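All of the numbers you see were taken from the coordinates with simple rules; none came from a lab. Worth saying up front: this structure is predicted, and the values here are computed from it rather than measured. A quick note on method: Cβ atoms are made from the backbone with ideal geometry, for glycine too, and the neighbour counts reach across all protein chains shown.
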Amino acid sequence: MRKIIIAGNWKMFKTSFEAVELVNELKRTLSDVSEVDVVVCPPFTALAEVQDVLLETNIGVGAQNMYWEDSGAFTGEVSAPMIKAIGVQYVIIGHSERRQFFGETDATINKKIKAALKHQLTPIVCIGEVLAEREGGKTFDVIKTQLDGSLVNLTAAEIENIVLAYEPVWAIGTGKTASPAQAQEVHKFIREWLTKKFDAAIANKVRIQYGGSVKPENTAELMGQPDIDGALVGGASLKSDSFTAIVKNCLQVI
Ligand code: 13P
């Protein structure tokens, strides 16, 4: 069975002081949860301090982005070895906000995934359609193009070490969650793509998170779907009570 993985994407929220406050609370509220993998992804400025607080706990830490070169004249960028040196284990790659506001493409996302894997970071790779694409009946085409492009040239061994996150863009920060059936339909499509590209055994190992207005009230039903293996949580990950409730509500379906 795939272990559920709940990750909090804090986006551009929280100073390092506020971040430490939040993870100190999470360390207390979630210390007894081992059935679910829990990850927090603070901004770069809080990464080292958060990692220090969570050292030797059951809560993992992730960055929200990285560049694909190890070092060089790339002002403002942060590399995989720099993230790895802090002790961080995960990195979100290709979030729709990076695609939308910072020009990321499937090709650049593929380079980042490769670089993350080379440095033993687990990439959380985001894909998802915008509202016009869904309404135009293009959801599966868009997902297929994103999978084909961002996961090109990955080996079977590499694909087993990534987490995928299906985040319909129209559900992000809108309060408008995809229904469990809508999400499951796309997750199933993604797993079938993995089966065709690799094989069923590999497809069955890869965890696929859902993201987009996940909250405590809709967690159990979403996680109860056969191909939904976790959540990438934005807004509700910024408060310890809601993030804790999301993690604990997963226990209902395990
Ligand atoms: P919300 O949970 O705020 O909708 O954000 C989802 C998201 O973008 C997580 O990466």
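Please specify each residue of the range 15-48 satisfying the condition of being part of a helix (DSSP H, G or I) and touching a Leu at 6+ places or on another chain (Cβ under 7 Å).
Val23, Lys27
So is Val163 within 21 Å of Glu69 (Cα to Cα) and touching a strand residue (DSSP E or B) at 6+ places or on another chain (Cβ under 6 Å) or not?
Numbers: within 21 Å of Glu69 (Cα to Cα): no; touching a strand residue (DSSP E or B) at 6+ places or on another chain (Cβ under 6 Å): yes.
So Val163 fails the test.
In summary, helices (runs of 4 or more DSSP H) completely within the range 58-150 and bearing 3 or more residues that are in contact with a Ser or Thr (Cβ under 6 Å, 6 or more places away or on another chain) occur at 106-118.
Suppose the filter is touching a residue at least 40 places away in the same chain (Cβ under 8 Å) and farther than 21 Å from Pro123 by Cα; does Thr219 pass it? Explain how you work it out, then say what you get.
Values: touching a residue at least 40 places away in the same chain (Cβ under 8 Å): no; farther than 21 Å from Pro123 by Cα: yes.
Answer is no for this residue.
Take the residues in the range 206-216 that are part of a loop (DSSP other than H, G, I, E, B) and within 11 Å of the ligand (Cβ to nearest atom); name whichever of them is surrounded by the fewest Cβ atoms within 10 Å (Cβ to Cβ). Checking each candidate, the answer is Lys215.
The one condition from (1) more than 15 Å from the chain's Cα centre (by Cα); (2) assigned to a loop (DSSP other than H, G, I, E, B) that Ala203 does not meet is (2).
Hey, among the residues in the range 177-190 that are within 16 Å of the ligand (Cβ to nearest atom) and under 18 Å from His95 (Cα atoms), which one's surrounded by the fewest Cβ atoms within 10 Å (Cβ to Cβ)?
Looking only at the range 177-190, we keep the residues that are within 16 Å of the ligand (Cβ to nearest atom), and these are 177-180, 182-183, 186-187.
Going one step further and asking which of them are under 18 Å from His95 (Cα atoms), we end up with 177-178, 183, 186-187.
Numbers: Thr177: 20, Ala178: 24, Ala183: 26, Val186: 24, His187: 22.
Only one residue tops the list, namely Thr177.
Inspect the range 91-105 for any residue being surrounded by 15 or more Cβ atoms within 10 Å (Cβ to Cβ) and farther than 30 Å from Glu25 by Cα and give the result as yes or no. Yes; the residues of the range 91-105 include at least one that is surrounded by 15 or more Cβ atoms within 10 Å (Cβ to Cβ) and farther than 30 Å from Glu25 by Cα.
Which members of the range 196-254 meet the condition of being charged (D, E, K, R) and in contact with a strand residue (DSSP E or B) (Cβ under 7 Å, 6 or more places away or on another chain)? Answer for the range 196-254, where residues must be charged (D, E, K, R) and in contact with a strand residue (DSSP E or B) (Cβ under 7 Å, 6 or more places away or on another chain): Arg207, Asp227, Asp229. Here Ala116 meets each of (1) more than 23 Å from Gly60 (Cβ to Cβ); (2) surrounded by 14 or more Cβ atoms within 10 Å (Cβ to Cβ) with one exception, condition (1).
Please specify each residue of the range 8-39 satisfying the condition of being among the aliphatic types (A, V, I, L, M), under 25 Å from Asp229 (Cβ atoms) and out of contact with any Phe, Trp or Tyr (no Cβ under 7 Å at 6 or more places or on another chain). Step through it out loud before you land on a result.
Start the filter on the range 8-39 by keeping residues that are among the aliphatic types (A, V, I, L, M), which leaves 12, 19-20, 22-23, 26, 30, 33, 36, 38-39.
Right, trim to under 25 Å from Asp229 (Cβ atoms) and you get 22-23, 26, 30, 33, 36, 38-39.
Result: Leu22, Val23, Leu30, Val33, Val36, Val38.
Surrounded by 18 or more Cβ atoms within 10 Å (Cβ to Cβ), within 15 Å of the ligand (Cβ to nearest atom), more than 23 Å from Glu35 (Cβ to Cβ) and in contact (Cβ under 8 Å) with a residue 40 or more places away in the chain: is that true of Val247 in this structure? It is false that Val247 is surrounded by 18 or more Cβ atoms within 10 Å (Cβ to Cβ), within 15 Å of the ligand (Cβ to nearest atom), more than 23 Å from Glu35 (Cβ to Cβ) and in contact (Cβ under 8 Å) with a residue 40 or more places away in the chain.
Residues of the range 146-176 that are polar (S, T, N, Q) and exposed (fewer than 14 other Cβ atoms within 10 Å of the Cβ): Asn153, Thr155, Thr174.
Results for (1) more than 12 Å from Val36 (Cβ to Cβ); (2) of a type in the set (D, E, K, R); (3) within 12 Å of the ligand (Cβ to nearest atom); (4) in a helix (DSSP H, G or I), shown as yes or no for each residue.
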site	(1), (2), (3), (4)
Glu192	yes, yes, no, yes
Thr195	yes, no, no, yes
Asn218	yes, no, yes, yes
Gln225	yes, no, no, no
Leu232	yes, no, yes, no
Phe243	no, no, yes, yes
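Here Leu232 passes the criteria (1) more than 15 Å from Asn9 (Cβ to Cβ); (2) buried (at least 18 other Cβ atoms within 10 Å of the Cβ) except the one numbered (1).
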